[in-house]
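The block underneath contains the structure these notes are about, expressed in structure tokens.
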Amino acid sequence: MSHVDLDVCGTGAVASDEAAMTIFWRSGYPVGHILQLDDGRQRQVWGTPQDRGTSAPLSSLSASVVICTRDRPEELARCLASLPLQSFRPNEIVVVDNASRDGRTREVAIQAGVVYVREDRPGLDFARNTGAKAATGDIIAYTDDDVLLHPRWLENLVAAFDAPEIGAVTGLVLPAELETQAQRQFESFWSFGQGYDRVDYPAADFALTSGAHVFPAWKVGAGASMAFRRSVFEKVGYFDERLDVGQAGCSGDSEYWYRLLANRIDCRYEPMAVAFHFHRRAMEGLSFQIYSYMRGHAAALMVQAERTGLVANRHRALWTMPKWYLGRLWRRARRGPALEDIFLRQEITGYAAGLYFYFRQKRPDG
């Protein structure tokens, strides 16, 4: 990976021939990137030119940062080290230890001087809910232990809550490194990034489209960089504990954004809030991650249908997605394997496992 500062190099700067990805910056914020795929293709993503010299003024809102972690003390220590550098300091940092097998996570948290909370039920959304209940800030921001935070990450997340109808804000998640085939594969086809332009997701738009089609809440952002008003938890409840790591496998965040929109609460994607994620380095780990992603996506569609009564979710889960996978299998049989189909088997088996997982789970009370 390489980074180019356009304020120094000018608009004629070019991507490095040796880097898998070149990220271009202006006024301290990323504005675009060029990604080299392993099969020789190239992808470019750019934001709309705009003045990024100043951010919106911060409100009087206080903020808590919640990090959910399990058995990764080294990664947790690295993430925590980036928080004292924040331009807008959180009033507290809450580390939720999600059933770690030894005391190292607690030691790292105590050494960093943060709030330590233990959650013995394994599952990311158990931990997220425990963190939300322990936090005291007006804004509750979440990040992951395998993330490094830009110094103005929290400042720009909080500043994006500049209207009372905005209940959730996500940030831009860029790769911290692209050194292995697995990391390049993930960034090429499963990237957390949603571009370099701010995008608002009004609940009114959700209401217009959700009857016939499933609103693509997964495009709102990534759970590695998201924040919520405390009041939304009181209005729509907490994360669905059947989803995400340790349970269905993924999509607890997107289901929650979907639920907010269904309850007339707006969401926003703010790319000026930047975090850097360390993707999995080994293909074996990525294989299981993709399986888990599709397992969680299938389960989340059914949860969304259950919670909202919108039949488009069930239609996508039981008809549209299986039909789409049959189409991909047919194309692969005719044209041979493509780079994006390396984990097609894991996608399909994970998706089927997600439906099975949902139907064998007891629905929560209320």
Gly296: passes all of (1) touching a Ser or Thr at 6+ places or on another chain (Cβ under 7 Å); (2) touching a residue at least 60 places away in the same chain (Cβ under 8 Å); (3) in a helix (DSSP H, G or I) but (2)
The helices (runs of 4 or more DSSP H) lying wholly within the range 175-268 that contain at least 2 residues that are under 30 Å from Asp341 (Cα atoms) and touching a Phe, Trp or Tyr at 6+ places or on another chain (Cβ under 9 Å) are 181-189, 252-262
State whether one or more residues within the range 204-223 are out of contact with any helix residue (DSSP H, G or I) (no Cβ under 6 Å at 6 or more places or on another chain) and within 19 Å of Ala135 (Cβ to Cβ). no
Of the residues in the range 124-160 that are open to solvent by less than 10 Å² (accessible area, probe 1.4 Å) and in a loop (DSSP other than H, G, I, E, B), the one that is farthest from Asp205 (Cα to Cα) is Asp145
TODO: Take Ser191 and decide whether it is free of Cβ contacts under 8 Å to residues at least 40 places away in the same chain and open to solvent by less than 50 Å² (accessible area, probe 1.4 Å).
DONE: yes
Checked the range 299-358 for anything touching a helix residue (DSSP H, G or I) at 6+ places or on another chain (Cβ under 8 Å), of a type in the set (Phe, Trp, Tyr) and either open to solvent by 60 Å² or more (accessible area, probe 1.4 Å) or not in a helix (DSSP H, G or I) (or both); matches are Phe343
Going through the range 176-188 in order, the residues found to be in contact with a helix residue (DSSP H, G or I) (Cβ under 6 Å, 6 or more places away or on another chain) and either open to solvent by 20 Å² or more (accessible area, probe 1.4 Å) or among the small types (Gly, Ala, Ser) (or both) are Ala182
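This table checks each residue for (1) closer than 30 Å to Ala99 by Cα; (2) modelled with pLDDT of 95 or more; (3) touching a Cys at 6+ places or on another chain (Cβ under 8 Å).
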{"residue": "Cys9", "(1), (2), (3)": "no, no, no"}
{"residue": "Ser27", "(1), (2), (3)": "no, no, no"}
{"residue": "Pro30", "(1), (2), (3)": "no, yes, no"}
{"residue": "Asp38", "(1), (2), (3)": "no, no, no"}
{"residue": "Val45", "(1), (2), (3)": "no, yes, no"}
{"residue": "Thr54", "(1), (2), (3)": "no, no, no"}
{"residue": "Ala63", "(1), (2), (3)": "yes, yes, no"}
{"residue": "Arg72", "(1), (2), (3)": "yes, yes, no"}
Given (1) open to solvent by less than 10 Å² (accessible area, probe 1.4 Å); (2) among the small types (Gly, Ala, Ser); (3) within 19 Å of Ile34 (Cα to Cα), Ala222 misses just (3)
Over the range 340-365, the set of residues touching a residue at least 24 places away in the same chain (Cβ under 8 Å) and more than 25 Å from Glu284 (Cβ to Cβ) is Tyr358, Phe359, Gln361, Arg363, Pro364
Taking the range 231-268 and keeping only residues that are touching an Asp or Glu at 6+ places or on another chain (Cβ under 6 Å) and surrounded by fewer than 21 Cβ atoms within 10 Å (Cβ to Cβ), one is left with Glu241, Asp266
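The values are calculated or read from the model by the stated rules, or taken from the named source; none is laboratory data. This one's a predicted model, so the numbers in the text were calculated from it and none came from an experiment. Glycine gets a Cβ as well: all are built from the backbone with ideal geometry, and neighbour counts include every protein chain shown. Side chains included, ligands, DNA and RNA excluded: accessible areas come from the protein's heavy atoms. Shrake-Rupley method; radii C 1.70, N 1.55, O 1.52, S 1.80 Å.
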